[in-house]
Amino acid sequence: MRAVVLDGIVLGLAFGLLGVGMTLVYGLGGVLNLAYGQIVVLGAIVVMLVMEDGVATFLAALVGILAAAGVAVLLDLTLMRPVYRQHGEERTLLGLLLTLGAAFVIGGLLSWRYPAGALYINVSGEPVSIIGVPMAVGSIWASVIALAVAAVLLLFFGLTTFGRGVRSIIQDETGARLVGINPSFVRTVIFALSGALAGIVAITQSMSGPLTVNAGFELTTFALIVTVVGGLGSVAGAFLAGVLLGVVNSLSAHYIGQYITTIILLGAAAMTILIRPRGLLGR
């Protein structure tokens with residue numbers, strides 16, 4: 001039981017990073033990036049290719065993070081520009097269509113070019129006992145990285161001027177514009193941050209198991225569920241929802257079966273919408 005819960009926490013921290021990357025983009029621009037999982041996979045494939053050329057894992061990971069961030073910025077500067085000129089439901093619908101198209105293009109190209117592509121970062125070392133449960137070193141490092149990123153993000157959005165500017169746009173874009181904040185610039189920066197988080201997810205996920213080229217839509221589904229449960233625009237909510245859903249995912253997979261796990265997670269999202277439409281920590 002303890003081992004299953006610990007595995008769920010490790011998975012949930014990765015879910016949390018996914019949720020943050022998606023919820024910030026939605027909070028700022030009203031757009032759900034359905035290509036987010038494919039950006040994670042793209043970052044993983046870049047890391048794999050760079051490592052195959054003999055580059056050290058740490059440097060390859062940095063290249064993968066930068067590549068994912070670059071693709072996210074490219075999406076913002078191209079496909080998202082006509083989206084942001086729309087308002088209300090038109091913006092949401094156009095954003096869904098364009099990012100879904102981008103997901104098919106990125107996923108299709110990666111599957112065509114690297115059909116057997118997968119990233120696995122083997123972290124050597126003997127398992128470490130955590131509350132009596134032997135944990136793989138890779139899983140521990142993945143958790144440490146995710147927790148460190150979570151702490152940095154919470155401090156960034158809570159204490160810095162730019163972070164407060166982001167929060168003000170999420171709460172009231174018109175008011176933020178009136179006090180001199182440029183929403184377009186902030187959205188581009190947040191898209192870059194979202195892409196960087198996607199690259200970090202690719203790395204942490206590959207420390208506990210292979211991340212394959214076909215994992216994109218599954219990762220996007222998890223990100224959407226975490227975003228809904230945690231609350232749109234809430235960083236803390238995304239991490240809280242990620243950990244809770246990660247534990248639910250592991251318990252369900254262990255006691256019921258992997259085939260029904262996604263249905264259970266979707267059910268949790270539906271219940272959240274019915275009971276608390278704004279999510280756990282949404283405003």
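The values are calculated or read from the model by the stated rules, or taken from the named source; none is laboratory data. Just so we're clear, the structure is a prediction, and the values are computed from it rather than from any experiment. Heads up, the Cβs are rebuilt from the backbone with ideal geometry, glycines too, and the neighbour counts pull from every protein chain shown. Accessible surface is based on the protein model in full, side chains and every heavy atom, while ligands, DNA and RNA are left aside. Shrake-Rupley method; radii C 1.70, N 1.55, O 1.52, S 1.80 Å.
Points to keep in mind about this one:
- Set side by side, the residues LEU110, LEU66 differ, and just one is at pLDDT 95 or above, assigned to a helix (DSSP H, G or I), open to solvent by 10 Å² or more (accessible area, probe 1.4 Å) and closer than 19 Å to SER206 by Cβ, which is LEU66.
- Qualifying residue in segment 2-20 (condition: surrounded by fewer than 19 Cβ atoms within 10 Å (Cβ to Cβ) and free of Cβ contacts under 8 Å to residues at least 12 places away in the same chain): no
- Restricted to segment 69-107, and to residues there that are exposed (fewer than 14 other Cβ atoms within 10 Å of the Cβ) and aliphatic (A, V, I, L, M), the residue that is farthest from ILE190 (Cα to Cα) is VAL105.
- Conditions (1) closer than 26 Å to GLY125 by Cβ; (2) part of a loop (DSSP other than H, G, I, E, B); number of the one not met by ASN214: (1)
- Hits in segment 37-91 - residues which are closer than 16 Å to GLY107 by Cβ and among the acidic types (Asp, Glu): none
- Taken as a whole, the condition of being modelled with pLDDT of 90 or more, open to solvent by less than 20 Å² (accessible area, probe 1.4 Å) and polar (S, T, N, Q) does not apply to THR23.
- Condition check for ILE256 on (1) more than 14 Å from the chain's Cα centre (by Cα); (2) within 17 Å of VAL10 (Cα to Cα): one failure, at (2).
- Qualifying residue in segment 128-143 (condition: under 28 Å from ARG187 (Cα atoms) and open to solvent by 40 Å² or more (accessible area, probe 1.4 Å)): no
- Test: residue in segment 31-38 that is assigned to a helix (DSSP H, G or I), surrounded by fewer than 19 Cβ atoms within 10 Å (Cβ to Cβ) and of a type outside the set (Val, Ile, Thr): no
- Residue count for segment 189-227, restricted to those that are open to solvent by 40 Å² or more (accessible area, probe 1.4 Å) and at pLDDT below 85: 1.
- GLY246 part of a helix (DSSP H, G or I) and loosely packed, with under 14 Cβ neighbours inside 10 Å: no
- The lone criterion from (1) open to solvent by less than 10 Å² (accessible area, probe 1.4 Å); (2) within 15 Å of the chain's Cα centre (by Cα) left unmet by VAL47 is number (2).
- Test: residue in segment 80-87 that is in a helix (DSSP H, G or I) and modelled with pLDDT of 90 or more: no
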